[in-house]
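Okay, so here's the structure we're looking at.
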Amino acid sequence: MTRMTPSEAFVETLVANGVTTTFGIMGSAFMDAMDIFAPAGIRLVPVVHEQGAAHMADGYARVSGRHGVVIGQNGPGISNCVTAIAAAYWAHSPVVIVTPETGTMGIGLGGFQEANQLPMFEEFTKYQAHVNNENRMAELTARAFDRAMSEMGPTQINIPRDRFYGDIDVEIPEPNRLDRGPGGPRTLDAAADLLSRAEFPVMVSGGGVVMGDAVDEAVALAERLGCPVVNSYLHNDSFPASHPQWTGPLGYQGSKAAMKLISQADVVLALGTRLGPFGTLPQHGMDYWPKDAAIIQIDADHTMLGLVKPVQVAIHGDAGESATALLERLADRELACDATRDERAERTRAEKSAWEAELDEWVHETDDFSVEMIEEANGEEGSWLHPRQVLRELEKSMPPRVMVSTDIGNINSVANSYLRFEEPRSFFAPMSWGNCGYALPTIIGAKAAAPDRPAVSYAGDGAWAMSMNEIMTAVRHDIPVTAIVFHNRQWGAEKKNQVDFYGRRFVAGELEGGENYAEIARAMGANGVRVDQIDQVGSALESAIDAQMRDGVTTVIEIMCTKELGDPFRKDALSTPVRHLPKYKDYV
Ligand SMILES: Cc1ncc(C[n+]2csc(CCOP(=O)(O)OP(=O)(O)O)c2C)c(N)n1
Ligand SMILES: [Mg+2]
């Protein structure tokens, strides 16, 4: 036992957990602990808005596999984080949110910045600790760090501000990290039997492969099976795109090759994926999910097994460990699909090249609304670019080892088909939370964790304006990134629903302020470039990446796009409007 203050115990527990970077905005509530961050080797990156800080912690965690830490002033500084913690929850990110609270002698009296801070995060955390007694500061802080890793999601440590003071005798707990296993022999044997009988197995490689650092194991198992591999939705970095068996992502605006191939599967091997419902919705007019296929699902979180789709075999295991255990079981065994290895490889190759050719030719959208918007743009001053064409050019100019974050919006969603990665921990999207304003702060956090990797964010103009203030964080604190803004002067993704279901009655859908985001970027101290010629897109990205990696310069590339719109998020959730009251009769 060592005598220290609770502030020291808190900071020493962070040190024991390897924390070197935290994100937030300073405040009196935790100033006594913050005062000793520097001598403890901890940097607090001061952000513009706490939502940005929590997204940065998420990006930092997703790239590094270590904790992302966010801290703020009690009350408003903490409530500002809720949206981003929800996003981290759905990304299974080990984010620890430190929430200093009103002092114990004031809570309930309606003083200043007072709130019950546990209910706010209840739904979006895996564990919440409340420091009810300062003697428990290290114990509870350590548990929050342990649980973020073992439960793969955000945890909260809530500290009444007076609990930072006093004298305590304490031992700082050692971090307690799980050693995850492959699952039990009964289910592994059953899976091996099923795989050995499969005629056309297909692997879905999911987020668990990324988070479990299991790409090599996934590749080895896929190679033994000779099967096509699809990425689960928004996990495009879960299998190397240059691999001949990679076929691209499922889900919204995903790969037709992946969808056509999985539709033929008799056995689906879902490795490290919860098979989230949004990620397997029909796309491109195809209801591709193979309803009669037997599913083997492997997940480190047993509550995900069989949750969304009925499965034949459910393995509660770590993606890499389970893949290795299956490979061992299949190594010397003759598989039914061995006989058709070459024929299946050829089918995979043919579907991929058909999809690539289609993407090459798919320069713009061809629905009535889009065609009108393209024609209208031709009559206007300036040259507006087709989003798909821009996305293809950006894809071609992506540097090796790039990390990309995307936002929520129509163009960002179309980007799904054009985002390919060679290594895991490279692609960050707001996942099932789907909040606009995600991409920029998240990539700043990712860059803070991996300064040697190029960092690129994508956002539509609407989502960009929600989050662009964090450019100041990138500039002030030397965390250089390259941000692409698709300027189409509308909240396009939602407008698409008004096109399809609401007779083009565009309520609140336009963003026609004539903003110049390149100029705004320059005013914030970054480099700003406006691109309105297709042959400048690739070179603009390449120079910005050079400036980022060589000179530490942040660049905003504003790309002027037409108002054309790709397929909507979902066709299943909306229906044709019905109005009963006479005054609304035309609104159908
Ligand atoms: C925080 C938040 N607010 C609102 C929405 C609803 N929403 C989804 S996409 C979208 C439009 C995005 O517009 P923009 O960023 O300009 O991209 P575009 O669709 O035009 O490509 C909106 C408002 C959301 N997902 N998140
Ligand atoms: Mg827009």
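For R3 paired with R579, estimate the spin-label separation in nm (one decimal), with each label point 7 Å from Cα along the Cα-to-Cβ line.
7.7
Roughly how many Å is it from the Cα centre of the stretch 130-182 to that of the stretch 410-436, as a whole number?
Between the Cα centre of the stretch 130-182 and that of the stretch 410-436, the gap is 33 Å.
Let me check I have the definition right: for the stretch 48-158, take the eigenvalues of the Cα gyration tensor, multiply each by 5, take square roots. What are those semi-axes in whole Å, largest first?
Over the Cα atoms of the stretch 48-158, the semi-axes work out to 22, 16, 10 Å.
How far apart, in nanometres, would the label points at K396 and D292 be if each is projected 7 angstrom from Cα along the Cα-to-Cβ direction?
So the label points at K396 and D292 sit 4.3 nm apart.
How many angstrom separate the Cα center of the stretch 371-395 from the Cα center of the stretch 1-62?
45
At 222 nm, what helix-only mean residue ellipticity would the chain give, in deg cm²/dmol to the nearest 500, using -39500 (n - 2.57) for each DSSP H run of four or more?
Theoretical 222 nm ellipticity from helices: -10500 deg cm²/dmol.
Please compute the length gained on full extension between D546 and E519, using 0.36 nm multiplied by the number of residues separating them and subtracting their Cα-Cα distance.
Result for the pair: 7.7 nm of gain on full extension.
Label-point separation (nm) for R347 and D213, each offset 7 Å from Cα along Cα-to-Cβ?
According to this spin-label approximation, the distance is 3.6 nm.
Using only the Cα atoms, what convex hull volume per residue in Å³ does the stretch 333-462 have?
189
Along each of its three principal axes, how wide is the spread of alpha-carbon positions in the stretch 212-269, in whole angstrom units, largest first?
Largest to smallest, the principal-axis extents are 26, 24, 19 Å.
Residues with beta-carbon under 11 Å from that of I36, excluding I36: net charge, scoring Lys, Arg +1 and Asp, Glu -1?
So the environment of I36 carries a net charge of -4.
Given the C-alpha centroids of the stretch 195-225 and the stretch 301-317, what is the distance between them in whole angstrom?
Each part's Cα centre sits 16 Å from the other's.
Where the Cα atoms of the chain are projected onto their three principal axes, how long is each span, largest first, in whole Å?
Rounded to whole Å, the extents work out to 71, 67, 61 Å.
So, counting K/R as plus one and D/E as minus one, what does the shell of residues with Cβ under 14 Å around E351 add up to?
+2
Excluding N516 itself, calculate the net charge of residues whose Cβ lies under 10 Å from the Cβ of N516, where each Lys or Arg counts +1 and each Asp or Glu counts -1.
Once positives and negatives cancel, what remains is -1.
Can you give the three extents of the C-alpha atoms in the stretch 150-304 along their principal axes, from longest to shortest, in whole Å?
For the stretch 150-304, the Cα spread along each principal axis is 67, 37, 29 Å.
If you take every DSSP beta bridge whose two residues both sit in the chain, what share of them, in percent to the nearest 5, is antiparallel?
So the antiparallel bridges in the chain amount to around 10 percent.
Are there trypsin sites (Lys or Arg not before Pro) in the stretch 230-304 that DSSP marks as loop and that have at most 10 other Cβ atoms within 10 Å, and which are they?
Taking the stretch 230-304 and a limit of 10 other Cβ atoms within 10 Å, the loop trypsin sites (Lys or Arg not before Pro) found are K291.
Using only the alpha-carbon atoms of the stretch 101-159 as identical scatterers, what base-10 log of I(q)/I(0) does the Debye formula give at q = 0.16, 0.18, 0.19, 0.21 Å⁻¹?
-0.53, -0.65, -0.71, -0.82
For a footprinting-style exposure proxy, rank T473, T21 by other Cβ within 10 Å, fewest first.
T21, T473
Set the bar at 22 Å for Cα to Cα. Now go through K291/K571; K256/K563; K352/K571 and name every pair that lies beyond it.
Table pairs above 22 Å Cα-Cα are K256/K563; K352/K571.
Please give the length that would be gained between S263 and I36 if that part of the chain were fully extended, namely 0.36 nm times their separation in residues minus their C-alpha to C-alpha distance (nm, one decimal).
Answer, rounded to one decimal: 76.0 nm.
Read-outs throughout are calculated quantities, based only on the coordinates presented, and are distinct from any laboratory measurement. Here the structure is a predicted model, which is why all the values come from computation and not from measurement. For neighbour counting, all protein chains shown are included, and Cβ atoms are generated from backbone atoms with ideal geometry for every residue, glycine included.
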